[in-house]
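The values are calculated or read from the model by the stated rules, or taken from the named source; none is laboratory data. Just so it is clear, the structure is predicted and the values come from calculations on it, not from any experiment. Cβ coordinates were reconstructed from backbone atoms using ideal geometry, including for glycine residues, and neighbour counts include every protein chain displayed. To get the accessible areas, we keep the full protein, side chains included, count just its heavy atoms, and leave off ligands, DNA and RNA. Shrake-Rupley method; radii C 1.70, N 1.55, O 1.52, S 1.80 Å.
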Amino acid sequence: KTSHTFVVAPPSTQTKISSMSGTWIPGEVGFETKLVHSGVAPDEATGAILTPVYQATTFVQESIDQYMSKGYSYSRTTNPTVRVLEEKIAALENAAGACCFATGMAATVTVMSAFLSQGDHCVLTDCSYGGTNRVARKQFMQYGIEFSFVDFRDPANVEAAIQPGKTKLIYSETPANPTLTLTDIAAVATIAKKHGVLHVCDATFGTPMMLKPIDLGCDMSLHSTTKYFDGHNMTVGGVVSSATKELDERLHFVQNMHGNIMTPHTAFTTLQCCKTMSVRCAKQAANAQQIAEFLEAHPKIETVRYPGLASFPQKALADKQHLNGFHGGMLWCEVKGGIEAGRKLMDSAQRPWSLCENLGAVESIITCPSVMTHANMLKEDRLKVGITDGFIRISCGIEDAKDLIASLKLALDKL
């Protein structure tokens, strides 16, 4: 329990049973209840139902001997508003702790900085967010750290890439951005433990609704909170949840040195937005299923991939690993006619679609990864994993599916 008055332990851990208003029912509460309430309690001083924005640089100490007795000194190190979000996400991920960052890339860089040193080796998925690939090649390789870019669809590839005594980190991403290829997290986690290697999984596309990497054996679970935790195109942020307090403390220590903190206002906004994650994501997944089925049946579509389709290449793994049959709001397609036709579709899809970067928001978004999110990858690496210049990434929002389909039909019929 932290020292600020509006934070209590998660409802499931409270042992004192009372029938008074304001006390929690006994026993474990559901995931959707945790989305709304975990980490948060009404302020004891005012009764405010929302966590305040502690827009403060420093915190007054009662005396030198009582330094940090209330848990806070300087907001680069710890901030009360940010701490509440960290506690909420740790509860959602079944983690020992969580560390929030300025962006998803700040989270990635901190993980690599915390657990890789000169002469170390990392096994990294060959299909990841473009920024992850870029920072490995352009920054950490310059420090004498080696990376093996591996197809994680087969866990045997991961094990074969491990260099005994040298590999210190396995970095997976599932579903992968943007190809939606899946990693069997439990299988890779078993391999990581066998070889004494830390395993972090970027589960941004999945959200805790789809999978909880720590429950599957991962050491760390990483998310860009910009995406589904925010869900409204309002903030940028990142988070890493850890299976042990020691890992969480290491990440906070390195973050304090780097200073790549999440702002109190971003934390406040994310706290409110993530309450509706379940409602938003359920609608997004339902839209994605309908749109994927429409595209699969359209004569001008060459390929469509969505884990909810029977034709999805890793359908068995998707059904095993994704919780409650939830396959998310992301899909991709390519149209017949190649690059020119694909780009024409992206340029001509009318509203409610938006042509832009980002994903996971209530607005439906079409993205051209080769120009936008993955342009920084080496072209040969991008093409190797199937990200062609005509590859269309689709992030489904919460609009009426019929309107989204109508727009796509108009654009496809003009090709």
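Which distance in nm do the two modelled labels at K166 and Q350 give, with both placed 7 Å along the Cα-to-Cβ direction?
In this crude spin-label approximation the distance works out to 5.8 nm.
Per the helix-only calculation at 222 nm, which mean residue ellipticity applies to the chain, given -39500 (n - 2.57) for every DSSP H run of n ≥ 4 and division by its residues, nearest 500 deg cm²/dmol?
-10500 deg cm²/dmol
Starting from the Cα of S311, step 7 Å along the direction of its Cβ; do the same at K194; then give the gap between the two resulting points in nm.
Simple spin-label model gives 3.5 nm for this pair.
Say R0 is 35 Å: what FRET efficiency, to the nearest 0.05, do S69 and F253 get from their beta-carbon distance?
0.95
Length gain on complete extension for the stretch V60 to A156, per 0.36 nm per residue less the alpha carbon to alpha carbon distance?
29.1 nm
Starting from the amide H of F152, placed 1.01 Å from N in the peptide plane, find each other amide H under 5 Å away whose residue is 5 or more places distant or on another chain.
Excluding prolines and chain starts, which carry no amide H, the hits are D126, C127.
Along the stretch 22-36, what does the Karplus equation 6.51 cos²θ - 1.76 cosθ + 1.60 (θ = phi - 60°) give for ³J(HN,Hα), rounded to whole Hz, x for Gly and Pro?
3J(HN,Hα) across the stretch 22-36, in whole Hz: x, 9, 8, 4, x, x, 6, 9, x, 4, 5, 5, 5, 4, 7.
Of the accessible area of the chain, with the probe set at 1.4 angstrom, what percent is carbon plus sulfur? Let's see the in-between values first.
On the way: 9550 of 17270 Å².
The value for the chain is 55 percent carbon and sulfur by accessible area.
With charges set only on the Cβ (+1 for Lys and Arg, -1 for Asp and Glu), what does the dipole of the chain come to about its Cα centre, in debye to the nearest 20?
Details: 37 positive and 40 negative charges, 54 e Å.
Computed about the Cα centre, the dipole is about 260 debye.
How large is the direction-averaged shadow of the alpha-carbon convex hull of the chain, in nm²?
Averaging across all directions leaves 21.6 nm² for the Cα convex hull.
Provide the FRET efficiency to the nearest 0.05 for the K414-R76 pair, computing r from the beta carbons and using R0 = 56 Å.
On the way: r = 53 Å, r/R0 = 0.94.
According to the calculation, E is roughly 0.60.
At what distance in angstrom do the alpha carbon centres of the stretch 292-357 and the stretch 206-235 lie from each other?
With the stretch 292-357 and the stretch 206-235 each reduced to a Cα centre, they are spaced 21 Å.
Using the Cα centre of the stretch 74-135 as the reference point, and only Cβ charges (+1 on K/R, -1 on D/E), how large is the resulting charge dipole? Debye, rounded to the nearest 20. Walk me through the intermediate numbers first.
Values: 4 positive and 5 negative charges, 46 e Å.
My answer is approximately 220 debye.
Using +1 at the C-beta of Lys and Arg and -1 at the C-beta of Asp and Glu, which of G104, Q118, L92 has the Cα lying farthest in the positive direction of the dipole of the stretch 80-136?
In the stretch 80-136, that residue is G104.
In the chain, if the dipole is taken from +1 on Lys/Arg beta carbons and -1 on Asp/Glu beta carbons about the Cα centre, which of M68, L50, G329 is farthest to the positive end?
Towards the positive end, the residue furthest out is G329.
Using the heavy atoms of the protein chains and a 1.4 angstrom probe, tell me the accessible area per residue for the stretch 199-265 in square angstrom.
Roughly 31 Å² per residue, with all protein chains present.
At 7 Å along Cα-to-Cβ for each site, give me the label-to-label distance between D319 and S21 in nm.
In this crude spin-label approximation the distance works out to 4.9 nm.
Once you order the gyration tensor axes a ≥ b ≥ c over the Cα atoms, which shape class does the stretch 236-321 get: rounded for a/c under 1.5, otherwise prolate or oblate by comparing a/b with b/c?
prolate
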